[in-house]
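Worksheet: the structure to be examined is printed underneath.
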Amino acid sequence: MNIDEFQTLLQPVTNRIAGKPVDDGLASELNRQFPPGGDVYEAIEAACHQAIADGWMCSQGGEGRRFGRVIEASAETAMLSVDVVDLKDIVGPHHRHPTGEICMVMPVTAEALFDGKGRGWCVYEPGSDHRPTVTRGEALVLYMLPEGRIEFTGL
């Protein structure tokens, strides 16, 4: 699996998101169309684990918080950037989502939670903010940012 193949694997998801409001309705639609246990979700999750093992994903940071931008926003990704983080029992840096954030939560530890949410999709609306928090173990989070926009606040 390389970056181009990974982008192709994500295409059904980015196509589904294209032009939709970034809100709870989108989270419901993604959980319905690409549910945990479904072919697309499982293929993306397996590809993330393989890419991390191969060293080209989550190559920045250190123990407990590894991260990295995988794909820049472009017409091919419906103007969504794609990042993946590997977090373990941590509260991450505070940031804002000027255009929203679409997250695919993939617990590595079965009971791990990302911001209180388990396996599946969650969406943060434009203008929202948070400290990404993983409790009860380790989780991968693939997140897509419309126009690649994120603002780290230093709070």
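The values are calculated or read from the model by the stated rules, or taken from the named source; none is laboratory data. Please read all numbers here as calculations on a predicted model, not as lab measurements. Using ideal geometry, Cβ is built from the backbone for each residue, glycine included, and neighbour counts are taken over all protein chains shown.
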(message) For the condition in a loop (DSSP other than H, G, I, E, B) and at pLDDT 95 or above, what is the one hit in GLY154, GLY137, GLY148?
(response) GLY148
(request) Considering only the range 25-45, state which residues are of a type in the set (Gly, Ala, Ser), closer than 17 Å to GLY118 by Cα and surrounded by fewer than 17 Cβ atoms within 10 Å (Cβ to Cβ). (result) SER28, GLY37, GLY38
(request) Go through (1) buried (at least 16 other Cβ atoms within 10 Å of the Cβ); (2) closer than 14 Å to ILE150 by Cα and name the single condition VAL85 misses. (result) (2)
(message) Can you go through PRO35, PRO12 and tell me which one is over 14 Å from the mean Cα position of the chain (by Cα) and assigned to a loop (DSSP other than H, G, I, E, B)?
(response) PRO35
(message) For the range 115-155, which positions are in contact with a helix residue (DSSP H, G or I) (Cβ under 9 Å, 6 or more places away or on another chain) and polar (S, T, N, Q)?
(response) none
(message) Going through GLU45, GLU63, GLU29 one at a time, which residue ends up being among the acidic types (Asp, Glu) and within 25 Å of ARG149 (Cβ to Cβ)?
(response) GLU29
(request) Filter the range 111-125 down to the residues that are of a type in the set (A, V, I, L, M) and either touching a residue at least 40 places away in the same chain (Cβ under 8 Å) or assigned to a loop (DSSP other than H, G, I, E, B) (or both), then identify the one that is farthest from ASP24 (Cα to Cα). (result) ALA112
